[in-house]
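Here is the structure we will look at, set down as structure tokens.
Laboratory data are not the source of any read-out in this text; all were calculated from the coordinates shown. Quick caveat, the model's predicted, so the values are computed rather than measured. Heads up, the Cβs are rebuilt from the backbone with ideal geometry, glycines too, and the neighbour counts pull from every protein chain shown.
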Amino acid sequence: MDFGNPGRTMPAAGTPAISRADILTPRDGSMVELSPEKTVRSAEAGDAVRIDIRAQERDAQARRDGEQRNHAAEHNMRQARHSLDDVVERRTIIDPQTRAVVTQKRNTETGETVSQLPDETLLKLRAYSRALSEKAQAQEDEPPPQHIERTA
């Protein structure tokens, strides 16, 4: 019988292997040198990625439908522009009051002005400004009235 101190064992270098009962190596798995917290379980054999070929067909059909809608919309826009060109008359005139070049688009059916550059308000403002400047110029051209000053 030995009543002395038990012999000391020295730990091996590296991290000690921790055995856990909740992590088991599957039959087709392999052992790795990862800690139990970093281990990953492989997916079950029945959980493989499924590719639905019909989804690809639906995507292709949706793409074709979108292209057809875009083509129809472009065709409608071209027709609308063409019919608008038939109705709208474009002309360039010189405004007599302001002597400015004016571009107008008029509807030939209704006679209404669709658009005008410069705007009618701006033309009126230019005419008013021209009238004021002509009035100021006329006042400058007049001889000043003679003033007689009397001093006592």
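Highlighted here are the strands (runs of 3 or more DSSP E) found entirely within the stretch 66-152 that include at least 1 residues which are among the β-branched types (Val, Ile, Thr) and exposed (fewer than 11 other Cβ atoms within 10 Å of the Cβ): 88-94. May I ask you to verify whether Thr151 is among the hydroxyl-bearing types (Ser, Thr, Tyr) and touching a residue at least 12 places away in the same chain (Cβ under 8 Å)? So Thr151 fails the test.
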